[in-house]
Amino acid sequence: MWAVGGGKGGVGKSFVSVHLSTACALAGRRVVLVDADLGGANLDTLLGCPRPAHDLGDFFAKRVATLDEACVTTDVPNLRLLAGDGDTLGAANPHHAQKLKLIRHLRRVEADLVVLDLGAGATFNVLDLFLAADERICVTQPEPTALQNAFAFLKAATLRSLEKHTGTKIRQRVDGSVRALSGGASPLKEKPVRLVVNRARPAEGRSVANALADLANRFLGLHVVLAGTVGDDLAVRGAVRQGRPLFLSHPASPAAADLRRIATSLLEPCRRTPSQVAMGINESLVVDGLTVHLQTEDLGEGQGAVVSQVFRNDGAVLYSRRTPYSDAFFVKLSVSPQDRARYHHAAIRRALATGRIQLPIRRTA
Ligand SMILES: Nc1ncnc2c1ncn2[C@@H]1O[C@H](COP(=O)(O)OP(=O)(O)OP(=O)(O)O)[C@@H](O)[C@H]1O
Ligand SMILES: [Mg+2]
């Protein structure tokens, strides 16, 4: 299950959801695209479907027993749509039990891939669907306001995830300080959030991703990686007017190529492939009596950063530190490019040994 969110309205979440779903369906996966913009549903229009016979409203009102019964076919082979219910006010705000039931049933849908198009904002309903997904995709545009919103969205998701994980109200404890959020472990931190920078040039996308990844890492303890950049393309308007995805209406357009590339990279296993990693080091360490794995990767010129992560045996990420090549750490020490990962790795190992980095390890009595 992939969720496409990002907080700010109009940045292209629906556009990205439709095209990632379409690309994966055309690549042979059985895909269900869910219009989870509860209250602002419009994917049927983007896909040129006549008003669907069934939608999420039927599921909430128990007119159908399963989400599969509420799905409709589309013109794209392998792609079904679970349309939103734009008309019923109740569906815009399903109560807690309904939301939990929806999440449970989403996991049972007959498909290889379920893609959730989330609405704008960071309401609990949006955040809980974002957190329930296996891949979390955050869409932004390169403008500072969009970035601010993307960070605010990730912060809200971190708070929500920590609250649900620990069962306590973090908001009261951290007293407004986001710094405190970077410490605690939560399911959101176990996998990178994939960033799509929409309506941007590739270089712009990379610098936006670096800036957001650095902030998210420092203040939220989150690992954010660039899934890809989609250019601003006039073909998009034509596709929307025709009610057909770009891959059918303008398959050779630059935006279609960008989206195809992003879909392909997301379909790869979540871990980065060795070819994308310029250099990697793995080491097992014992910290506070617990065996952990320190892994450092130089992400190469494309991402321009080195990342160290500490994993538990079960794969949970206990710590993550991303350092851009431009950081004073590398500059002051005049580290040569081939030594960046080694220096970074050694610095994190030292900080773990001296207690400067504290891992959220629950000590047993
Ligand atoms: N790369 C692009 N090039 C040109 N136009 C684009 C691009 N991406 C999105 N758009 C246009 O921007 C508008 C907003 O996109 P979209 O509806 O996908 O945003 P959204 O984030 O889902 O908005 P909302 O928060 O209201 O659901 C649409 O008209 C879409 O066609
Ligand atoms: Mg939308």
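Of the peptides 283-292, 58-67, the order by per-residue mean of other Cβ atoms within 10 Å, starting with the highest, comes out as 58-67, 283-292. Each pair of Cα atoms in segment 275-354 enters the Kirkwood radius, and Stokes-Einstein at 20 °C and 1.002 mPa s then converts it into a translational diffusion coefficient of 166 µm²/s. Modelled label positions at ASP314 and ASP75, each set 7 Å beyond Cα in the direction of Cβ, lie 4.8 nm from each other. Pull out the extension gain between SER207 and ALA65, defined as 0.36 nm times the separation in residues minus the alpha carbon to alpha carbon distance; nm, one decimal. This chain segment gains 46.5 nm when fully extended.
Can you give the local net charge around ALA3? Use residues other than it whose beta-carbon is closer than 11 angstrom to its beta-carbon, Lys and Arg +1, Asp and Glu -1. Computed value for this residue: -1. For the residue pairs LYS62/LYS164; LYS8/LYS99; LYS164/LYS332, alpha carbon separations beyond 31 Å are given by LYS164/LYS332. Note on the chain: antiparallel DSSP beta bridges, both residues inside, total approximately 45 percent of the bridges counted. Both radii are taken from the alpha-carbon atoms of the chain; with Rh as the Kirkwood radius, Rg/Rh is 0.98. Between GLU283 and THR166, full extension at 0.36 nm per residue minus the direct alpha carbon distance yields a gain of 39.2 nm. Nearest 5 percent is fine: what portion of the DSSP beta bridges confined to segment 187-318 is antiparallel? For segment 187-318, the DSSP antiparallel bridge percentage is about 75. Given the options GLY300, GLY231, GLY84, state which has the largest fluctuation in a GNM of the chain using a 10 Å cut-off (strictly under) for Cα springs. Greatest mean-square fluctuation among the candidates belongs to GLY300.
Estimated at 0.36 nm per residue, the fully extended path between ALA235 and LYS332 surpasses their Cα-Cα distance by 30.3 nm. Per-residue ellipticity at 222 nm, computed for the chain from helices alone with -39500 (n - 2.57) per DSSP H run of at least four residues, works out to -11000 deg cm²/dmol. Neighbours of GLY238, meaning other residues whose beta-carbon lies under 15 angstrom from its beta-carbon, give a summed charge of +1 when Lys and Arg score +1 and Asp and Glu score -1. From most to least packed by mean Cβ count within 10 Å, the peptides 343-355, 6-18 give 6-18, 343-355. With K and R counted +1 and D and E -1, the other residues having a Cβ less than 15 Å from that of LEU294 yield a net charge of +3.
Read-outs: derived from the displayed coordinates by stated rules, not from any lab. On a predicted model such as this, the values are computed, not experimentally measured, just so you know. Cβ atoms come from the backbone with ideal geometry, glycine included; neighbour counts cover every protein chain shown.
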